[in-house]
Structure formats: structure tokens, C-alpha cells
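First comes the structure, then the notes that go with it.
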Amino acid sequence: MERPAWAPRGIDISVPSVSRMYDFYLGGSHNFEVDREAARKAMEFMPGLPKIMQANRAFMRRAVRYAVSEGITQFLDIGSGIPTFGNVHEVAQAADPEARVAYVDHDPVAVAHSRAVLDGNSRAVIAAADLRRPLEIVKSPEVSGLLDLDRPVALLLVAVLHFIEDSDDPQTAVAELREALAPGSLIVLTHASYEGIPLTREEAGGTVEVYKSIRNPLVMRSREEIASFFEGYEMIEPGLVSMPHWRPDTPATVEQEDPFAFSGFAGVGRKA
């Protein structure tokens, strides 16, 4: 397999990557055939995966604009993936040019491509780190050098917690991040669930098995389990809902959504 010029040396391009599969779902070009093959296999069971990813990105953009409207101009996006059009720094800095954005990912391709995209932007950085080690994130030179954690920050955990198994204790990771943030900070979160998917649990389970086969288990949690990640935060209206239902631009946009867009949950909370 020929290695593209943008692919960092040292990564195994024969193994599918969750972030590159996500890039493929969104129509990006920073993915390999092995990623496309795995994504197509997942879509055989859940053909609406691209619609889910699009709804996820649309929610993220609305949540970022909400954060800026609330006076928050610092963003910590963990599990940021490969930059695509309308990424956090673009949305935030369009709303407030002074906004600062620290991205975090453990995928070498995502990190390398982010560095290229952010070159010349003094108010946006990328750190190579893992959500399962939150203190390494907040103490990293990239994050600590850009963000003032004594002031409110919008913490984005968008489509990432469902790749953290219970054995890796995601609850503690989220709690440690909460404790590192100043009062008034926001948590912006989306999470996959069997609830809301216009398929039977067995049909959707086929996609879960595909992710398990590539050693990136997809953990489908219940609404109650997802709500527990907001412990220590006050939920912002309308609470924990499907992605299109969180502060849509217009009611018509919800009515026009593909049924798959209502899969899983999204919410924003504020630390008291």
C-alpha cells in the first residue's frame, strides 16, 4: 500500500482508524482504503452513519456559537479528529476573533493534519494526548500554554466517550477534567446509543461488531448512563436530547432531518 505524503511515518496504514473512518463519513480525503472498507462494512448495517456524523457536527457548531454567546472564548476539544470544514476554531473565531482553541487527539494522522491546518493560527493548537489520561491533557504545554484554566472553558467531548470502555473508567476521566475547569465552564457532549436509531437493536449491533473487529469497541450507552457524565454540571435547556433537537436554528431544520440524525444524545452543561 502506497503511503500518501500527508501520512506520518511510523503509523500502520493497514489498520483502520476511527478518526479516519469519521473523516470518510463526512466526505473527507484523509483516509485510507482500509478505513473506507471498514466504514462501508459498518454502513451495511447502519446506512445512516454519514447522516449521524453530519448531525453531530451541526450540533457541535451550534454549541460552540452558544458558548461564545455566553462569553466563553476558550475551547478544549478532546478527541477532535481530523479537521474538516466548520471545525471548532473556525466557528469560534468567526464569532469572536479572540477565541482560543486547544485540540487533543491520540491519532497521529489527526495530530499531524491538525498541525498543518493550524499553522499560522496563534490562537489554536493541537496536543497529542489521550482522554483516558486527563491530567496529561491539562498539563500538556500546548493546552496549558494557550488556555487559562482559571477562567471558564468549553470542554468538548463530541463523539469520543463511546470509544472509551467502562474498564477504562470514563466517569473518572470526565470528573477529573471537570475538577480542572473553572466555575462557569461548559461541557459539550454527544454519545452514541441504541436509543433513537431507526433500526432494531440487532441490526444496529452489526455496526457495533464491525468496530469491535477493528479493536475500537463502540460502547452504546443508555440515556441514563450518558446523563451521568454531566454530574457536577447544571444542564442547559433543552437538556439531554437528540442532536437535531438541541437548540435548532429553526424548527423546520428538525422536520427536514433524516431519521438517522436522531440517533444517540447530545447535551450541554454548566459547572456551578
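Label point of Lys139 set 7 angstrom out along Cα-Cβ; within the range 166-187, amide nitrogens under 19 Å from it belong to 172-182. With both labels modelled 7 Å from their Cα along Cα-to-Cβ, the Glu179 to Glu44 distance reads 4.6 nm.
Taking 23 Å as the straight-line reach from the Cα of Lys41, the lysines in range (excluding those fewer than 8 positions away in the same chain) are Lys51, Lys212. For the chain, the relative contact order works out to 19 percent when only alpha carbon pairs closer than 8 Å and six or more residues apart are counted. Picking from Val117, Thr190, Pro141, whose Cα lies most toward the positive end of the charge dipole for the chain (charges on Cβ: Lys, Arg +1; Asp, Glu -1)? Towards the positive end, the residue furthest out is Val117. From most to least packed by mean Cβ count within 10 Å, the peptides 59-65, 195-201 give 59-65, 195-201. What residues from the range 36-75 fall in the zone where the backbone N is under 15 Å from a label point 7 Å along the Cα-to-C-beta line of Ala95? Under 15 Å, as judged by backbone N against the label point of Ala95, lie 57-75 of the range 36-75. Scaling against 2.2 N^0.38 Å puts the C-alpha radius of gyration of the range 89-153 at 1.10.
Would the range 127-255 count as rounded, prolate or oblate if I go by the C-alpha gyration tensor, calling it rounded below 1.5 in a/c and otherwise prolate when a/b exceeds b/c, oblate otherwise? Oblate.
Rolling a 1.4 angstrom probe over the protein heavy atoms, how many square angstrom per residue are accessible across the chain?
Working: 12070 Å² over 272 residues.
It amounts to 44 Å² per residue over the chain.
Potential lengthening of the chain between Glu237 and Val254 amounts to 4.5 nm, from the contour at 0.36 nm per residue minus the alpha-carbon distance.
Leaving ligands, DNA and RNA out of it, report the carbon-plus-sulfur percent of the accessible area of the chain at a 1.4 Å probe.
Whole-percent figure for carbon plus sulfur exposure: 50.
Which of rounded, prolate, oblate describes the range 214-272, given a ≥ b ≥ c as roots of the alpha-carbon gyration tensor eigenvalues and a/c under 1.5 marking rounded, otherwise prolate only if a/b is larger than b/c? Here the range 214-272 falls in the oblate category. Rounded to the nearest 500, the helix-only mean residue ellipticity at 222 nm of the chain stands at -11500 deg cm²/dmol, with each DSSP H run of n ≥ 4 adding -39,500 (n - 2.57).
The values are calculated or read from the model by the stated rules, or taken from the named source; none is laboratory data. Given the structure is predicted, the values throughout are model-derived calculations rather than measurements. All Cβ positions, even for glycine, are placed from backbone atoms using ideal geometry, and neighbour counts span all protein chains on display. Note: areas computed on protein heavy atoms with side chains; ligands, DNA, RNA excluded. Shrake-Rupley method; radii C 1.70, N 1.55, O 1.52, S 1.80 Å.
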